[in-house]
Amino acid sequence: MKKIVTVVGARPQFIKAATLSRQFKLLGIEEVIIHTGQHFDTNMSDIFFEEMEIPKPTYQLDIHSVSHGAMTGRMLEEVEKVLQVEMPDGVLVYGDTNSTLAGALAAAKLHIPVIHVEAGLRSFNMNMPEEINRILTDRISNILFCPTDSAIQNLKREGFDNLPVEIFKNGDVMLDAALFYADKAEKTSDILKQIGITKFVLATIHRQENTDSVENIRNIVEGLNEINRQIPVIVPIHPRTRNILKKLNISTEFRLIDPVGYFDMIMLLKNSELVITDSGGIQKEAFFFGKHCITLREQTEWVELVDRGFNVLVGSDKIRLKNAFELLRTKQSDFSINLYGKGDAAERIAQYILNYK
Ligand code: UDP
């Protein structure tokens, strides 16, 4: 393949795309980027393109702040128009957002090969919009790049062995990003100076199952308030969560900061005592930087972390959260096990795409 259209729209996709864009440039593959607009403001989008030197998107669709169906439908229509003009050799999508599904569907209907990076992951919770997006995207993809053994097994269980598709385990592009940008983050970020403390717990909350349930969000905030009385909790707050806290008039004792760029995030992760999150990506990044993680969900796609005791699932239950905090705050673990490759996932994926006929 000589020409690829990449469809991105949400924060984690910018981080993943940074790794492959760099490899495409090195190999002389032409990449045209479509930004759907799902995440759109400076802190949630622009900062990643600037810091990580991701090529400027050729197309900005500016589709956001509408319901799931409306968003996916509008993206489908607009991505299709772009693909009809660009006629690429393949369309590359990442992860599990509405942008992923819309990009894959637009391409598949035009018989353009679909490449899915972060394929095969499952939470087995069909109430999650992400689960629907990833299952449907996998099913219409031609090349599935899986980050873990469990992702490969999930696809086999669903019968993908019998489909005319190519499936690879190549490692995780998020590890590539963490390794590549760690030094730059160390040199350029001043977030630790800004927050002015050296011992803290880092937390993030943004999953719909937590933000859209009054009970869940209240429990999580109460749990974090309690932990904050023992050690400061820093929360770079997702705009959706901030709005919901405001609307429900829920007060927090812990410190809320605006969402940060990737370099600041690396420094917060690296220097935290422990991570508490409902994010997919941050569970792995905690592991990359040698931190235990408490996950505010009942399931995770990153089961290898839970199986080995690096990660504890607590849902939105404040008692389980407190117990997991007590368990993990003093626990010593060896984080040197290789679960996500060697940091060359993007290189291997780009090479495969170049040679794909
Ligand atoms: N992230 C960031 N700044 C923040 C919060 C998250 O740079 O304020 C990064 C984080 O390090 C990870 C990615 O965004 O690489 C994860 O995105 P998010 O949690 O939004 O999505 P998920 O991984 O759950 O799909």
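Couple of notes before you dig in:
- Percent accessible area from carbon and sulfur atoms, the chain, protein chains only, probe 1.4 Å: 50
- Dividing the helix sum by the residues of the chain, where each DSSP H run of 4 or more adds -39500 (n - 2.57), gives a mean residue ellipticity at 222 nm of -14000 deg cm²/dmol.
- The residues of the chain expose, per residue, 42 Å² of accessible area to a 1.4 Å probe.
- Between segment 63-100 and segment 277-313, the alpha-carbon center distance in angstrom: 29
- Farthest toward the positive end of the dipole of the chain, out of F289, Q230, T188, is the Cα of Q230, where the dipole comes from beta carbon charges about the Cα centre.
- Short-range pairs are left out: with C-alpha atoms under 8 Å and at least six residues apart, the relative contact order of the chain is 17 percent.
- Summing Cβ point charges (Lys, Arg +1; Asp, Glu -1) relative to the Cα centre of the chain gives a dipole of roughly 400 debye.
- Packing-based ranking of 188-194, 64-70 yields 188-194, 64-70, ordered from highest to lowest mean Cβ neighbour count within 10 Å.
- Prolate/oblate/rounded call for the chain, Cα gyration tensor, a/c under 1.5 rounded: prolate
- Magnitude of the charge dipole, segment 225-357, Cβ model with Lys/Arg +1 and Asp/Glu -1, debye to 20: 280
The values are calculated or read from the model by the stated rules, or taken from the named source; none is laboratory data. Note that the coordinates shown come from a computational prediction; the quantities given were computed from them, not determined experimentally. Backbone-built Cβ (ideal geometry, glycine too); neighbour counts: all protein chains shown. The area values use the complete protein model at the heavy-atom level, side chains included, leaving out ligands, DNA and RNA. Shrake-Rupley method; radii C 1.70, N 1.55, O 1.52, S 1.80 Å.
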